[in-house]
Structures are given as structure tokens and as C-alpha cells.
Amino acid sequence: MKRINIKTVLGMSVMAWMFLAVACSDVLDEQPRSIYEPGYFKTEKGVQGGLTALYSHLRDIYGQGYHHTANEVGTDEGTYGQNANANQKDIDFTGAGTLTPASSRSDVVWNAAFPYINTANGIVENATEAGMSSALIAEALFFRAYDYFQLVQTFGGVPLDLGAGELKFNTSTTRFSVRNTVPEVYTRCVFPDLKQAIADVPDKGRIVGGATKTAARLTLAKAYLTYGWWLENPNNIPTYPETPRTDPDGQTAAWYFQQAYDIAVEAIKNPGDFGLQSTFYDVNLASNDRNNEILLYADHTQSSQYYNGGVDFGYATGGAPDNFTGWMTQWNYTEIRSNRTADWKGAAVSSVQREAIQEYGRPWTSVAPPIEVFTETFADKTNDSRYDGTFVTVYRGNWPKGGEAAAVLYNANGLPVSPDDAILTFLNEEPAGTIDYSNADYNSNVGAGILPDRADFVVSPNGISRIIYPGLWKLNGHRTDNGAGLGSPNGANPRPYNILKFSELYLVAAEAAVKGAAATAGYSARELVNVLRERAGKWRWDHAGNTEKIADNSAAVIASTPATIDVNYILAERSREFFGEGYRWNDLVRTQKLVELAGSYTICGTAKGDHTPVTYNRTIENHHYLRPIPLGQMDGMEMTDAEKKTYQNPGYN
């Protein structure tokens, strides 16, 4: 693991690149800069450069595959895949590894956030002298609060003083640090910064994808909701640094739940240019990126490696600022083989090849979804479009794009298949008949099975394993310059990574209402949830069938909504809406449902052809509700062993 010196993490703002806003444009122009000094932020160019660097730093966290790992594995959405290493196994809590300060990939947040928090400090402290508007300063406040919110959820209390005073711009080389408490982080920074951002940032972003009132309202509503849960502490989870679970301003958990509800509903009623897409499929469709449901994203582009932030479109190495999250959850479908002859005595042919489209891309088989995702979370696959709009369940032939001239190949049962036909299908349900996984006559190469009269190999939900499982369609890469070939499927994903969505406002407000917030007419928890469920029932495309599907099943989806909504149902809806997007760890920690909902899971093994489900039990202890302070931070501090032990979260020394 890369170790980060404390002078970089908590001292000066150091980065490889920054962005400069072009005065006559609403896009960002990237320019290199290595270090900021106080005087730089007293100029218009310095403020603009610092602000746009705050946008660029999102790419160091979001789309970073190990950040995704840290927020998905160990939850009910993810476990380690067949090709996983310590990055995934150590946080699964099933005995495959042990989470330590050296192995925790939450280091991605720690190492990326603090230098840019210091950049924000420099802007807030100096921009007025440069004559900059309150709206520009509010953008820095938004990012400072956003970063601190991510840190406090992940590590507990964190330092507000980076070496020059609380929330002050630091240029010293101090190697000593003191952590603030959770209430101090929220009440001294997160809440006041976001309230000021709501007051001063515009309804419409200054630039495309820029900070807005709606984004600030969603973040503040989530922060109030999270802090309300923290104050309530229903399962008596310890906090760190140790402090009474009381609010410095004397407010109660109920007050914060009400604030979360009120602010989220206000944002729904005053959306500005934002809103919901008409179908769930369109929210994550690559050709519809940057749509009006997305409030904030870490941007990328295929038009230029320089502006993309990645290194090489042809073969990316898998590190920030590349967007490579989709690789983690993609199994190695490229091992699928069909045959040149119906009797399968001819040559085997790779019938599904890597391609730079949203269905495929580069496979790492590092993170696998448990069976319960398919049998419980996404139980309704007929009416609710969100399963079809989340996963790749049908892998289709694309061999001509790889140079194979055969017009027809032979697949399961020796039946012919043509390009774009289904080669392997993950079934929605367990079939009436028995799947033959032995493949005595027709070798699927990946251990998939056959059903009578079907040309596609099949895997049922109970056959999903650590080596073969539906891919995560919504996050995969996509290029528009592939021509008639496969494109560059090994390159970094040039799509933006979505961070905040308008749809989340409905679930934040619904959760706050479940926690006792007084709801206004038309905005009860059930009504809020049903806005998204109604949308989920509307189809315009059948992804699995690769065909247009105009259907409105919203009445059936709404009819199945429970009369009384509870927290577990809200969490299930959050999983259906945001599966695999990096929300889940914080969701389960916030609600203290980690043991209840993620304490065990079922999945088949790591060998091809293993379709015997095994239940794994996780040993989740109270200290696991916080991640360890990264080893690089601990090693970089000039403090006594006793001071370092006190600095580290309990359970990780």
C-alpha cells in the first residue's frame, strides 16, 4: 500500500493537477500546478484554480475501484470475488482476512480529502481579499463540508486543525495531529458550511456539473439524518474519540431528523434544473450521462486523455484518477467458448469478447454480489425495472468484432447461435426443470449449465458464485469511437462517475419520516418511496432482451409497497436504486443495521462449476463501525507510541 507523508495529508495542498475555469466558457480547462501558497488565493486566478481543483479531486475518490471496494464488500451488496486479494478479503469479516490500518482501502478517502480540505481553507480564508463573490466562496465551503462529511462517517472524529488553527489554511510542516470529536466536526464545519452554501451557491451551477443549492441541500439533509442516528445510537455502538452523544447546541436526534426531512422536501419542491428521469434505465445509460437527475459527478471524457484524468485509454493500470470501478464487479465472461461444429468436436471459439461497451469491458472478478441480492433485494424482476437496469444478465455473441469470420457458431445443446444472440444467461428465477451443470457433451468453459432446447448456457440465482455472476451494467465503461471493432476495453472508463442523485432526496426524506419527522401532506414516507417505485414500473427498453419494451407496471409495483414503511424497507429501496454505487457501507453504519442485514450471506465457491450455495457468517464487532486511520498517516506523525495509540481507532492498534 502506498504510504502518504503527514505533510501531504494534513499540511500543504499538494496535487498533480488543477483546473482553471475559462472566463468565457462553462467548462473547466486543466492546467498543471504542484503546490499552493497563501498569496495565490488572494488572486482571482488563484481562487478559480483552487475551486476547479476541488472538482478534479472527486476523481481521486469516485470511480477509484478500491474506494468502491471499501464501501461495498462486507455489506449485503458485496463480498470478495474469485480474483480478490487482501483489498477485498480483509473487509469481508468472514475469516478470509483481517482489516488493519495497512490493508484498509478507506485510505482512499483519507489521503484524497485532506489536501483539498486545505485548498478549500485557503479559498475561504483569502478569496474575499481577491474580491471574489460569496457564491464562489460558497463552492469551497460545499466541498470542505462534503469531504469532512465523508471523513466523519468513515473514521469518526477527525482533525479540523491541519496545523495552522481550526479550519485555517496550513503551510507548515507540522507532523502532530489532534482529532476533534464527531459533534465538533458536524457542528463546527459540516452544518455551518453547508447552510452557507445553500444560501450563496446558485440554483444552476456556475459550470456544468457545478455546486448548486440542490446538491448542498441533499448533502445537508444526509448529514442531519446521519447525525440524528449518531445521537440516537440505538445499538449502543461506541464512538471515537470518546465523547457523550449529546449535541453542543442542545438539540435532540428528533430535531435533526425533522431538519433532514424539511430540507430534503424543500429540495424536491424547488428542484431548479434537476428532476427524475422518466425511466430508471435512463438514469445510468451511458449515452444519457450528465442527465438532470445527477447533482454531482466526478467527470471524465473520452475526447482527451489529458482532460479525462486517466493515463492511457489503451491499457489503464487501475489507479486514481482513472475510473475503473466497473472492473471490480465484472466477472471473466471472456472465457466463454462456443464451437465451430454442432457436435462440439471442432475448434473452440471465444464468442463473447472484451468490448468497450456498457455491457462488457475489463473483468477483474474482485467483488461478487451474494445470492440474496437476486432472490431478495431484486425479487421482483418482472414489474420492477431496476434489476434489468442494474445488471448484465445476458452475454451476447460479438465474435465478428474480434476478427472471427464465422457467421454461425454452436453453443449449448449443439444449437446454432449468431452474433448478438444470447450465449450465456443468468436466469431470473430457478427453472422448473433441472439445470445440467455437468456439461458432458457441451463444455461451457465457465461451468454454466444447459436446459433442454436452449442454445444459451444458463446459471440460476442459486448457482451464482464468486467466479460467475451478473455484471454491474450501470457502472461499466462505454466508448463511442469503437467503429466496427471492440474498441479499447482495457482502458479507463471515460464516463463520469455519479456521486449525488436527485432521487436520493426522496429516500432521505422518507427515512427521516420513518424516524419520526412530521410529514407534510403528500410527502409521507410511503408516498415518497412510491414516487421512485412508480418510476421503477415504467419500461422503455428490455436490457436483457435487447429490445424495446414499452410497458407501465407502476400500478403493480406501487400495490406491493407495504402499508407501513420501516427502516429496513427504506434500506432495501436504497439498494434497489443505488446498488453497487458505493452508498451501502455508510447506509448500514448510519442505521446500525450492519450485523442485522449483512451478518451473513450465501454464495457458491470460487471454482468453475461450483453451484453449491454456502452460507458465510461475518464476525462484525462494534469497532468495525469505524475504519482504521491509514498506516501511512500513523507512520508519518512525529508522536509518541502512546499518542499514536490514542489517535488510532480502537480495535486497530
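Each value in this text was obtained by applying a stated rule to the coordinates, not by laboratory testing. All figures in this text were calculated on a predicted structure; none of them were measured in a lab. Counting neighbours? That spans all protein chains shown, and the Cβs are built from the backbone with ideal geometry, glycine included.
Between Thr301 and Asp641, what length comes free when the chain is fully extended (0.36 nm per residue of separation minus the Cα-Cα distance, one decimal in nm)?
In short, 117.8 nm is gained.
Here is the link list: Lys204/Lys501; Lys222/Lys593; Lys501/Lys593; Lys213/Lys549; Lys381/Lys474; Lys89/Lys501. Which ones come out longer than 25 Å on Cα distance? Write out the running numbers ahead of the final one.
On the way: Lys204/Lys501 15 Å; Lys222/Lys593 17 Å; Lys501/Lys593 23 Å; Lys213/Lys549 36 Å; Lys381/Lys474 16 Å; Lys89/Lys501 30 Å.
Pairs exceeding the cut-off: Lys213/Lys549; Lys89/Lys501.
Which entry in (i) -0.39, -0.52, -0.66; (ii) -0.36, -0.47, -0.58; (iii) -0.22, -0.33, -0.44 matches log10 I(q)/I(0) by the Debye sum over Cα atoms at q = 0.05, 0.06, 0.07 Å⁻¹ derived from the coordinates of this structure?
(iii)
Relative to the longest principal axis of the C-alpha atoms of the chain, give the angle of the C-alpha long axis of helix 134-155, reported between 0 and 90° and rounded to the nearest 10°.
70
Helix 44-56: angle to the longest alpha-carbon principal axis of the chain, degrees 0 to 90, nearest 10?
40
Given Cβ point charges of +1 (Lys, Arg) and -1 (Asp, Glu) and nothing else, what value in debye, to the nearest 20, does the dipole of the range 442-516 about its Cα centre take?
In total the dipole reaches around 180 debye.
Please compute the modelled spin-label separation between Asn235 and Asn568, points set 7 Å along Cα→Cβ, answer in nm with one decimal.
Here the modelled spin labels are 1.3 nm apart.
Length gain on complete extension for the stretch Glu429 to Thr94, per 0.36 nm per residue less the alpha carbon to alpha carbon distance? Let's see the in-between values first.
Values: separation 335, 0.36 × 335 = 120.60 nm, distance 2.75 nm.
Taking Glu429 through Thr94 to full extension adds about 117.8 nm, to one decimal.
Using helices alone, what [θ] at 222 nm do you get for the chain, with -39,500 (n - 2.57) per DSSP H run of 4 or more residues, divided over all residues and rounded to the nearest 500?
-9000 deg cm²/dmol
For Ser278 and Ala556 in the same chain, what is the full-extension length gain: residue separation times 0.36 nm, less their Cα-Cα distance, in nm?
Extra length available between Ser278 and Ala556 comes to 98.3 nm.
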